[in-house]
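Participant: Sharing a structure with you now.
Here, each number is a calculation from the coordinates, and none is a lab measurement. Just so you know, these numbers come straight off a predicted model, no measurement behind them. Glycine also receives a Cβ, built like all others from the backbone with ideal geometry; neighbour counts cover every protein chain displayed.
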Amino acid sequence: MGFNQAQQEAIDHKEGPMLVLAGPGSGKTLVITNRIRALIEQYGVNPSNILVITFTKAAAAEMRQRFEKLMDQAYLPVNFGTFHAIFFHILKYAYGYKAWAVSLVNNQ
């Protein structure tokens, strides 16, 4: 599949983080999954050092599935998640945060 110039620049970006902002149906997931592949195959980045953050659980799952399909179902430890899930893991592992279930419903 061919990419337009902006998409190809995003895929080929090598150094440092990259933010992809675009409207619905513009190929964001396609670009991001191909960028991950380029980082691994062309630039030798360890897959476990790649973090992909999105807004919804469904979007993270879709991106992971599309990435795995692009990579012929090979398991690579790329981290996909939502802002909330990733930040929760940071609190949990870096700071020893223990989640406690708190009921906000008054049971009177």
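Participant: Would you work out which of Pro24, Thr82, Ile36 lies farthest towards the positive end of the dipole of the chain, given +1 charges on the beta-carbon of Lys and Arg and -1 on that of Asp and Glu, about the Cα centre?
Facilitator: The residue sitting farthest along the positive end of the dipole is Thr82.
Participant: Of the GluC sites (Glu not before Pro) in the stretch 7-108, which ones lie in a loop per DSSP and count no more than 11 other C-beta atoms within 10 Å?
Facilitator: Those that pass, being in a loop and sparsely packed, are Glu15.
Participant: If you don't mind, another one. For semi-axes √(5λ) of the Cα gyration tensor in Å, the listed values are [x] 32, 17, 13; [y] 33, 13, 9; [z] 35, 13, 9; which was obtained by calculation from the structure presented?
Facilitator: It is the value labelled [x].
Participant: Another one. Contour minus end-to-end for Asn49 and Gln5, with contour as 0.36 nm per residue of separation and end-to-end as the Cα-Cα distance?
Facilitator: So the extension gain works out to 13.2 nm.
Participant: Label points 7 Å out from Cα along the Cβ direction at Leu70 and Met18: separation in nm?
Facilitator: Label at Leu70, label at Met18, 0.9 nm between them.
Participant: Between Ser26 and Asn79, how high is the FRET efficiency from 1/(1 + (r/R0)^6) when r is the Cβ-Cβ distance and R₀ = 30 Å? Nearest 0.05.
Facilitator: Here the calculated transfer efficiency is 0.80.
Participant: Which residues does a label at Thr56 reach in the stretch 24-41, if reach means a backbone N under 20 Å from a point 7 Å past the Cα toward the Cβ?
Facilitator: Residues 24-33 fall inside that zone.
Participant: For the stretch 75-100 and the stretch 1-72, compute the distance between their C-alpha centroids and round to whole Å.
Facilitator: The distance from the Cα centre of the stretch 75-100 to that of the stretch 1-72 comes to 20 Å.
Participant: Something else: Among all stretches of the chain without exposed chymotrypsin sites (Phe, Trp or Tyr not before Pro) (DSSP loop, at most 11 other Cβ atoms within 10 Å), which one is longest?
Facilitator: 1-42
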